[in-house]
Every structure is written in C-alpha cells, then in structure tokens.
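The values are calculated or read from the model by the stated rules, or taken from the named source; none is laboratory data. The model shown is predicted, which means the values in this text are computed figures rather than measured ones. With ideal geometry, Cβ positions are generated from the backbone for all residues, glycine too; neighbour counts draw on all protein chains shown.
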Amino acid sequence: MEQHDPSHYKMAKPEVIAVIKHFMPYGHFESHCVGSAVAYLLRAPFKGDEASDIQKALVYIRWGSEAQHPMMKDPKLVAAWAERTQGYRRDIDILQEWAELFRKNRYNQRLIVCAGQVLTRDWERAEISAAAALAELAETPNA
C-alpha cells in the first residue's frame, strides 16, 4: 500500500489508512476506496486545488485496484460481473446532474467519466482517466 509523505500522516504507526483497512471486513476496503475517490473527483473543481484532489483520488483508485478480489482479475469473471452489473451501470445516471454542473461551468468532464469508472470498479480505466485529467490540468494556463 502506497504511503504518504506529509508529517500529519506520520504521527503514529501504522498510518490511519492501514488501521482502517485492517479493521474493515474483507472486501469493504475496496468500497471505502470507491467512496473516497469519487468524493475527491467530484469536489476537485470546487476546493481551490484541483490537482491535489485529483492526485488524492488517484491514490484511492490505486488502493481500490489493489484491494480488488484476486478472482476479479480473471477475464471470464470480469465479463460475468460486467453483465451482472449492467443495471448498476445504468444507475450511473445519478451522475447526470453533476455532469451538467461540470459542463455548465466548463469543468473537466474527464472527472465525471472517471467517477463513473470508479463506481463500476473499472480501476484500470479510472487510473488512466485520472492521470489524463491531471495532465490536462497541468497544460492549462493558470492551473
């Protein structure tokens, strides 16, 4: 598990995130990562340091990917999961209001896409989208 550098993360050992992971029932840490990543992604444009929040989301995306059940690395099981969760994927329409807010204010649409990928546990694509959002932000003047 990736560790942090800021001093407030090193006040005691193990880090708080390791304590959280240790006490969560098996499989629940991945859900914690989903919630945290989505929160950082959707709030990023509003808090003043968008790049920092996207980087934090990226950490949770990586942790979520690491926490994913090993069986979900099997392409056949992933295909079965994708088929089973089609209704859930349609529920991503809940992000529609967020997407409209982002469009209206010209915020980075990639963050909405990435949030949807995280919600459906598409960790690989979510990591690519978050990294691309960071790169776009770095190329934007006054970012």
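Structure data summary
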read-out	value
Test: residue in the stretch 118-129 that is in contact with a helix residue (DSSP H, G or I) (Cβ under 9 Å, 6 or more places away or on another chain), at pLDDT 85 or above and under 16 Å from Glu50 (Cβ atoms)	yes
Selected residue (criterion: surrounded by the fewest Cβ atoms within 10 Å (Cβ to Cβ)) from residues of the stretch 97-143 that are of a type in the set (S, T, N, Q) and closer than 25 Å to Ser65 by Cα	Gln109
Count of the stretch 20-51 residues which are surrounded by 12 or more Cβ atoms within 10 Å (Cβ to Cβ) and in a helix (DSSP H, G or I)	22
